[in-house]
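Participant: Mind looking over this structure? Questions follow.
The values are calculated or read from the model by the stated rules, or taken from the named source; none is laboratory data. A quick note: this is a predicted structure, and the numbers were derived from the prediction, not measured. With ideal geometry, Cβ positions are generated from the backbone for all residues, glycine too; neighbour counts draw on all protein chains shown. Each accessible area value is taken on the protein alone, full model and side chains, heavy atoms only, with ligands, DNA and RNA left out. Shrake-Rupley method; radii C 1.70, N 1.55, O 1.52, S 1.80 Å.
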Amino acid sequence: MSEPEDKAPPAPAPASNTEGGGTGAGGAVPVTKSSPVPPEAIKAIPVRHYGRWISAAIVLVLFGLVVAAFVNADITWPTVGRYLNQETILTGAVNTLWITLLAMFMGVVLGTVLAVMRLSKNPVMSSVAWGYIWVFRGTPVLVQLLIWYNLALIFPILDLGFYRDEMNDVMTPFLAALLGLGLNEAAYMAEISRAGIQSVDEGQTEAAHALGMTGSRTMRRIVLPQAMRVIIPPTGNEFINMLKTSSLAYAIQYSELLFSATRISSRNLEVMELLLVATIWYLILTTIFSVGQYYLERYFQRGSSRNLPPTPWQRVRRSLTSFRTPSQVGGKTI
């Protein structure tokens, strides 16, 4: 007699498609598994940067102490304001700007020529350029100014064949300052220009030669325009530096800003006041050209940067409105 077949267990009762079973209190529609409970909205709390507030307070306190020290110092401030627009000071400021522009122009032009010579395959050209850079970068600017100003000690007469005159009449303080500052600047600009030229890919030069362009035309039309993006920033910095370096012409009696200020202070004995006047004028000139340098760099960055950096006014406004780093939460900036 065969054993009876095992009976299948009874099917379990169908599970309720509601969690908690039944209708919720107040007749609310039950939440099903197909519609999970939505998460609560995230309440993001910004990180408090207390260190920034503390450091800002320390800096402000130190700045206030420095200002208070100068306010209480034995300085006749009305004298500073009176001499800011004095005719001798204004003439010195104009002479400073004039010698800076001329010396910088000489430095840029001669420096570019020296950079091309330095990269030349001609050993004589490259050696001469290297020697020039070695001499003028290796000696102080003040020494070079004094050498040019006292050139009559070794060359009393300037004889060029078609022109003959005494060196003292030729080598004026203005010419000595121009040669001393311009020739020295050319050595630095040569290295800056060389770096800019070498930043351009050699394949572009080879492509230009393949199209039949000469070496000089390739340099003018292909290489130098692209090298400007690398040359402009340090050149602007050199110009700002030239504005301050021009004060060394005081030693050779060129009537630039510092010389004009010291000449007045030698008469009225208000030395510190006149030095502050010269300082204020140097700050005014360097600030104006620093702003121009920034926007010139911004112009040449258009072809290399997708997003240009914020302008100084945008940075100041952002710094004044927030002392914390913005955070991104849910696609929103908090």
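Participant: Taking helices (runs of 4 or more DSSP H) that do not extend beyond segment 34-146, which have at least 2 residues that are farther than 30 Å from I232 by Cα and open to solvent by 60 Å² or more (accessible area, probe 1.4 Å)? Quick ask: steps written out before the conclusion?
Facilitator: Numbers: elements: 50-71, 77-83, 87-118, 123-137.
Here the list reads 50-71, 77-83.
Participant: Could you tell me which residue of segment 269-291 is farthest from N184 (Cα to Cα), considering only residues that are free of Cβ contacts under 8 Å to residues at least 12 places away in the same chain and assigned to a helix (DSSP H, G or I)?
Facilitator: From segment 269-291, those free of Cβ contacts under 8 Å to residues at least 12 places away in the same chain are 269, 271, 279, 283-284, 287-288; that's our starting set.
Cutting the leftovers down to assigned to a helix (DSSP H, G or I) gives us 271, 279, 283-284, 287-288.
Details: V271: 31, T279: 24, L283: 23, I284: 25, T287: 24, I288: 24 Å.
Of everything passing the filter in segment 269-291, V271 is farthest from N184 (Cα to Cα).
Participant: While we're looking at this one, here's another question. With more than 25 Å from the chain's Cα centre (by Cα) and not hydroxyl-bearing (S, T, Y) as the only criterion, which of L274, L224 stands out?
Facilitator: L274
Participant: Which residues, taken from segment 147-172, are in contact (Cβ under 8 Å) with a residue 12 or more places away in the chain and open to solvent by less than 70 Å² (accessible area, probe 1.4 Å)?
Facilitator: W148, L151, A152, L158, M167, V170, M171
Participant: Which members of segment 124-153 meet the condition of being within 20 Å of I252 (Cβ to Cβ) and of a type in the set (S, T, Y)? Lay out the reasoning, then the answer.
Facilitator: Here is the first cut: in segment 124-153, the ones within 20 Å of I252 (Cβ to Cβ) are 135-136, 139-153.
Listed by number, the residues that qualify are T139, Y149.
Participant: Here is a further query. Give me a count of the residues in segment 224-259 that are over 11 Å from G196 (Cβ atoms) and either open to solvent by less than 30 Å² (accessible area, probe 1.4 Å) or in contact (Cβ under 8 Å) with a residue 60 or more places away in the chain (or both). Steps first, please.
Facilitator: Here is the first cut: in segment 224-259, the ones over 11 Å from G196 (Cβ atoms) are 236-259.
Still in the list and also either open to solvent by less than 30 Å² (accessible area, probe 1.4 Å) or in contact (Cβ under 8 Å) with a residue 60 or more places away in the chain (or both): 236, 238-240, 242-243, 245-249, 251-259.
So the answer is 20.
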